Number of protein chains: 2
Amino acid sequence: MSINRILIATTNKGKLREFKELFKELEVEIISLEDFEEKIEVVEDRLTFLENAIKKAKEYALFYNIPTIAEDAGLEIEELGGFPGVYSARFFAFKEFGGEEPIQESADRANIMKVLRLMEGKENRRARFVSNVVFYNPDNFGLWTEGYLYGRIAEKPQGEKGFGYDPIFIPEGYSVTLAQLDIEEKNRISHRGKAVRKLLELLKKILK
Amino acid sequence: MSINRILIATTNKGKLREFKELFKELEVEIISLEDFEEKIEVVEDRLTFLENAIKKAKEYALFYNIPTIAEDAGLEIEELGGFPGVYSARFFAFKEFGGEEPIQESADRANIMKVLRLMEGKENRRARFVSNVVFYNPDNFGLWTEGYLYGRIAEKPQGEKGFGYDPIFIPEGYSVTLAQLDIEEKNRISHRGKAVRKLLELLKKILK
């Protein structure tokens, strides 16, 4: 099977750069949603990361008729029964667990503040980041990989790198947060890095 | 990556036999749910074939810790807006579209009777069978394929072979129903046959 182009279904420039770097080996052209004038909106309304990522990959792949990669990821906190989970990006607005958190600086900051408020005084701070990366070929097959990063929720935000919940997530075996790690080290250990490398390994075999 | 055994997550002996035959080339041991004493029940409660098949493959794979293949399939009728769809197996009990159909001979027969009743006098009889086959490796990746068989709903049941809606489905280019075709010919053109052969082709590359 031969493929010339792959669409990375993200509008996040940082993620796109990471994918382009990692996918160099495949010798296919990597394009992004920015490369299309006609836009569609895909609502991430499913109950799992995998179902959201599959929905995105399929809808974009079928609309633009091009093999597509999409990702969904989030934070799962044991003490909160796996929340914020698929609500990670909009946890601040989630009405359960103490209601809405006002946005002050940014949505990221509001999400972090809500988690810290809910975790105040809690002993069990175990958590994990989950990433599901999906490749879908309009030629009727799909492929997904999963990556996990285990760790714990910090008592307060630290570090300026990364994004999302990185400033309050301390990976297992570390004493600093993800937001204090260089991008190379983060990618090496991160849920997304693991899932993307696994996908790349499978795609290399399939596209041969 | 090397795999010694694959679980086919089906209790349908006919399907299991087909899978074993098709998967000979892979040189792995094919086992079925019957080979385990400890049983779990997986509820097919999702809104798409793919999500149901993924749910089954993942739950069995993680419970028995073995790479697993699961399938979900059904009939989509254009005039009924895609129904019975994921409700194909229990359409007779589905409360929409004219309510429940009493079971007389069998659930298959009740499903067929309900479809024929709803399609009485309808001009547009276009329909398709859809199959989604999923392979899931507890080593954190999955793979799915899709197969379609286009055709139309017959005016009355004909043929004794196959199962499910086969007696009222006339494939494109045929003048007989699926239930009038030999198993070899059915497998050659069927949604399930196409999806399984595609999966096999991908697995051969990945497991090399």
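Pick from region A:22-34 the residues that are assigned to a helix (DSSP H, G or I) and in contact with a helix residue (DSSP H, G or I) (Cβ under 9 Å, 6 or more places away or on another chain): which of them is farthest from A:Leu202 (Cα to Cα)?
Only one residue tops the list, namely A:Glu34.
Pick out the one residue from B:Glu37, B:Glu41 that is under 19 Å from the mean Cα position of the chain (by Cα), exposed (fewer than 11 other Cβ atoms within 10 Å of the Cβ) and without any contact (Cβ under 8 Å) to a residue 40 or more places away in the chain.
None of the others qualify; the one that does is B:Glu41.
Being over 23 Å from A:Ser131 (Cα atoms) and surrounded by 14 or more Cβ atoms within 10 Å (Cβ to Cβ) is the requirement here; does A:Phe63 meet it?
Yes: the conditions hold for A:Phe63.
Could you please let me know if A:Leu181 is in contact with a helix residue (DSSP H, G or I) (Cβ under 9 Å, 6 or more places away or on another chain) and within 14 Å of chain B (Cβ to nearest Cβ)?
The answer is no for A:Leu181.
For region A:149-186, enumerate the residues that are under 16 Å from the mean Cα position of the chain (by Cα), of a type in the set (Phe, Trp, Tyr) and part of a loop (DSSP other than H, G, I, E, B).
A:Phe163, A:Tyr165, listed by residue number.
Among the numbered conditions (1) at pLDDT 90 or above; (2) within 23 Å of B:Tyr148 (Cα to Cα), tell me where B:Lys39 comes up short.
(2)
Would you mind stating whether A:Val134 is at pLDDT 95 or above and surrounded by 19 or more Cβ atoms within 10 Å (Cβ to Cβ)?
The answer is yes for A:Val134.
Applying the selection to region A:3-21, what residues are in a strand (DSSP E or B) and of a type in the set (D, E, K, R)?
A:Arg5
Scanning for something modelled with pLDDT of 90 or more, hydrophobic (A, V, I, L, M, F, W, C), surrounded by fewer than 20 Cβ atoms within 10 Å (Cβ to Cβ) and more than 30 Å from A:Ile170 (Cα to Cα), does region A:87-107 turn up at least one residue?
Checked against the condition, which is being modelled with pLDDT of 90 or more, hydrophobic (A, V, I, L, M, F, W, C), surrounded by fewer than 20 Cβ atoms within 10 Å (Cβ to Cβ) and more than 30 Å from A:Ile170 (Cα to Cα), region A:87-107 yields no hits at all.
Can you tell me how many residues in region A:137-163 are under 15 Å from A:Ile112 (Cβ atoms) and at pLDDT below 95?
Residues in region A:137-163 being under 15 Å from A:Ile112 (Cβ atoms) and at pLDDT below 95: 4 in total.
Does any residue of region A:99-108 turn out to be touching an Asp or Glu at 6+ places or on another chain (Cβ under 6 Å), at positive phi and either more than 14 Å from chain B (Cβ to nearest Cβ) or not basic (Lys, Arg) (or both)?
No, the conditions are met nowhere in region A:99-108.
For A:Gly81, state whether it is more than 14 Å from chain B (Cβ to nearest Cβ), closer than 30 Å to A:Val115 by Cα and surrounded by fewer than 16 Cβ atoms within 10 Å (Cβ to Cβ).
Spelling it out, A:Gly81 is indeed more than 14 Å from chain B (Cβ to nearest Cβ), closer than 30 Å to A:Val115 by Cα and surrounded by fewer than 16 Cβ atoms within 10 Å (Cβ to Cβ).
Working only within region A:24-78, note down all residues that are charged (D, E, K, R), within 12 Å of another protein chain (Cβ to nearest Cβ) and in contact with a Gly (Cβ under 9 Å, 6 or more places away or on another chain).
Matches in region A:24-78: A:Lys58 only.
Tell me the residue from B:Leu143, B:Leu149 that is buried (at least 22 other Cβ atoms within 10 Å of the Cβ) and under 30 Å from A:Val130 (Cβ atoms), please.
B:Leu143
Among the residues in region A:140-158, are any away from chain B (no Cβ under 14 Å) and more than 17 Å from A:Ile77 (Cβ to Cβ)?
Within region A:140-158, one or more residues are away from chain B (no Cβ under 14 Å) and more than 17 Å from A:Ile77 (Cβ to Cβ).
The values are calculated or read from the model by the stated rules, or taken from the named source; none is laboratory data. Since the structure is predicted, the reported quantities are computational estimates derived from the model, not experimental observations. Don't worry about glycine lacking a Cβ; one is built from the backbone with ideal geometry, like all the others, and counts go over all protein chains shown.
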